[in-house]
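Any read-out appearing in this document is the output of simple, stated calculations on the displayed coordinates, not a laboratory observation. Values in this document were obtained by computation on a predicted structure and should not be read as measured data. Glycine also receives a Cβ, built like all others from the backbone with ideal geometry; neighbour counts cover every protein chain displayed.
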Amino acid sequence: MIGHLLQYHPGFIKLRELVREGALGRVEYISSTRLNLGKVRREEDILWSFAPHDLSMILSLVGEKPCDVTAQGGYYLHKTIADVTTTLLAFPGGGQAHVFVSWLHPFKEQKLAVIGDRAMAVFDDGQPWSSKLVIYPHRIEWRGAMPVPQKAEADPVALDEGEPLNIECRHFLDCIASGNAPRTDGYEGLRVLRVLARASEALKRASVPPPSAKVQRYPDVQIHESAFIDDPCEIGAGSRIWHFVHILPRTRIGRNCSLGRNVMAGPDVTIGDRCKIQNNVSFYKGVTLEDGVFCGPSCVFTNVNTPHAEIERKDDFRPTLVRRGATIGANATIVCGHTIGEHAFIAAGAVVTTDVSPFALMAGVPARRIGWVSHDGERLGSDLVCPRSGRRYREAGAERIEEIA
């Protein structure tokens, strides 16, 4: 026997009799509210704490299991335990029901309203016995094509007063003595549990925001919700796209890249694998980064040499190529139409106006070579030996070095 106490309340027993006798006509929907300030629990949410009794009464009145169950909730005292929920039930016969429960409500309310096509009934356990169950013989009349409500005086239903817990316990003893099945037997409890489980799953689904189109298009890429990704674009797995990034059409970003806050790339830009782009960098049409390129904060890539606000110069765009492993420091400027060689190092604030040799260390305005760097970005001394890795280099011309195999 299941302790669904309200099934033994004289008010509900009488309401169920009226429904089964057809006094309300066809039941169209049921509304149940169970509200209070507390008792707040941490073992279960409000749905499992308050709603089982309401669902038990609704299923008993309708006489069939719901074909659809949805639920929404509010999480105010704990991020995973719902304090307020609304559960919606739809039944195969066309009837509907909703259950509103909360332990964050300014007053206590336990009310069940049954709406039929001939009359309406309200079971309000907060009222005195003389008005716990009230029939409202309201009707809807059609005048031409217009539905017009016809209100009538409320009719309280006389009840035999009785304590529901006492009635429930006596019923339990009677079932033991007679061998009869309890009104709320194990099957009735299972029906309620199944609806609770469906409502709980719906509640979890409703509390998780749906994946954005960006996430669906790039499931292996971390994309902040404030970023904009235009179509068509390619983004490799493992890349991270941070706040307010804008990627324009026909841009390709490789694997395991990081694009920091407020980066803009495209259209027609290529960024290789494992590139790290710091905040506030813009890549215009024609810029290509090979693998492993580092771009410091607010470094600048131009796309035309003689810009003018009133003259269209899109046909004058010049491509810029940054070779594998190069580093561009913060606030450096790369004038378009040039190539930055492999593993070159552009110092912060430098302005590059020529092609840059591989491994060159560039600084100044305009940038000049002031030394050499290794594959690891370490400045080389006169011996051309990397202090970090021990790699050795040699001069291969006036403005070129190469690694010694």
Protection proxy ranking, peptides 37-47, 305-315, average beta carbon neighbours within 10 Å, highest first: 37-47, 305-315
Proximal aspartates and glutamates relative to residue 314, as straight alpha-carbon distance under 18 Å, when same-chain residues fewer than 8 apart are discounted: 268
Contact order relative to length of region 54-147, as percent, for alpha carbon pairs under 8 angstrom and 6 or more apart: 16
Förster-model FRET efficiency, 35 Å R0, residue 40 and residue 256, C-beta, rounded to 0.05: 0.15
Reach of residue 276 by Cα under 21 Å, taken over lysines that are not fewer than 8 positions away in the same chain: 214, 285
Relative contact order (percent, whole number), the chain, Cα cutoff 8 Å, 6+ residue spacing: 9
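If you take every DSSP beta bridge fully contained in region 213-403, what fraction is antiparallel? Give it as a percent rounded to 5.
On the way: 10 of 48 bridges.
Beta bridges within region 213-403, antiparallel portion: roughly 20 percent.
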Pair residue 158, residue 75: separation of 7 Å Cα→Cβ label points (nm): 5.3
The chain: DSSP helices with Cα axial extent of at least 30 Å and average Kyte-Doolittle hydropathy no lower than -1.0: 186-207
Point-charge dipole on Cβ atoms (K/R +1, D/E -1) for the chain, about Cα centre, debye to 20: 780
Amide N proximity, region 302-327 versus residue 379 label position 7 Å along Cα-to-Cβ, cut-off under 17 Å: 327
Distance between region 270-341 and region 1-77 - C-alpha centres, whole angstrom: 65
Under 21 Å between alpha carbons - lysine pairs in region 5-207 that sit 8 or more apart or on different chains: 10
Sequence ranges 105-111, 120-126, ranked by mean other-Cβ count within 10 angstrom, highest first: 120-126, 105-111
Relative contact order, percent, region 213-403 [alpha-carbon distance under 8 Å, six or more residues apart]: 10
Size descriptor, Kirkwood hydrodynamic radius, that averages inverse alpha-carbon separations across region 5-207, Å: 18.1
Charge dipole magnitude, Cβ of K and R +1, D and E -1 - region 5-207, Cα centre, debye nearest 20: 540
Label point distance in nm, residue 402-residue 217, each placed 7 Å from Cα along Cα→Cβ: 4.4
Sequence ranges 159-166, 336-343, ranked by mean other-Cβ count within 10 angstrom, highest first: 336-343, 159-166
Gain in span if fully extended, residue 331 to residue 313, counting 0.36 nm per residue against the direct Cα distance: 4.0 nm
